[in-house]
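Values in this text are rule-based calculations from the coordinates and carry no lab data. Keep in mind it's a predicted model, so treat the numbers as computed, not measured. Reconstructed Cβ throughout: ideal geometry from the backbone, glycine too, with neighbour counts over all protein chains shown.
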DNA sequence: CGTAAGATATTCT
DNA sequence: GAATATCTTACGT
């Protein structure tokens, strides 16, 4: 079942939780989402906190679109734009469980272990072929394909990773027991 | 096993 | 100039 655009018209934390277990494909390549982080409007750790810039313009655009940006000068990160009351919310996709077109992902990632193919934002983006060209693209049209979770998933919440602004806010969500997380359970 | 360094775009001071 | 929602490689235990 495809995820409706309305799903993203709620606060980032609910979207982040709801995405765990969903299937994501980009050009047929992808798998099951096992790790997300929420970045809400007004969150000091969010790129949207300091206002609109050229880089984060997609975050203030329509709900249900992609926000893709470069981090540390060399890695890409994939986010889904959502909204609560104020614009500027997004959910960072941190890890997926590889299921479709494994050969393509292995080739893009240099033939490393399957467990490490998509276990982190930068790795995931490289494996799926994400780059700045699809920043702002709608998630309900090709090359994107999003499907609802097959059933309820056991979810573990914890503090977000790699940030310094609000490190204790428990807005990181993982599929419990998955072997494909950026950090073991 | 662990810690450390390097790559380097974009934004803010 | 400094910091950042990261990953890989190199080197020391």
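What number, rounded to the nearest 500 deg cm²/dmol, is the helix-based mean residue ellipticity at 222 nm of chain A, given -39500 (n - 2.57) per DSSP H run of at least four residues and division by all its residues?
Taken over chain A, the calculation gives -3500 deg cm²/dmol.
Determine, from the Cβ-Cβ distance of residue A:4 and residue A:150 and an R0 of 22 Å, the FRET efficiency 1/(1 + (r/R0)^6), rounded to the nearest 0.05.
0.85
In whole Å, how far is the Cα centre of region A:143-185 from that of region A:51-117?
Centre-to-centre (Cα) distance: 14 Å.
For chain A, divide the Cα radius of gyration by the Kirkwood radius and give the resulting Rg/Rh value with two decimals.
For chain A, the value is 0.93.
Taking the number of other C-beta atoms within 10 Å as the exposure measure, put A:163, A:93 in order starting with the fewest.
The fewest-first ordering by Cβ neighbours comes to A:163, A:93.
Just to be sure I understand: with springs between alpha-carbon atoms less than 10 Å apart, which residue in A:151, A:61, A:18 has the highest mean-square fluctuation in the Gaussian network model of chain A?
A:151
Name the shape class, rounded, prolate or oblate, that the alpha-carbon gyration tensor gives for region A:89-185, where a ≥ b ≥ c are the square roots of its eigenvalues, rounded holds for a/c under 1.5, and otherwise prolate holds if a/b is larger than b/c and oblate otherwise.
Since a/c stays below 1.5, the shape of region A:89-185 is classed as rounded.
Relative to the present Cα-Cα distance, how much length would full extension add between residue A:137 and residue A:14 at 0.36 nm per residue of separation?
42.1 nm
Looking only at A:152, A:143, A:121, which one moves most when chain A is put into a Gaussian network model with springs between Cα atoms under 10 Å?
A:152
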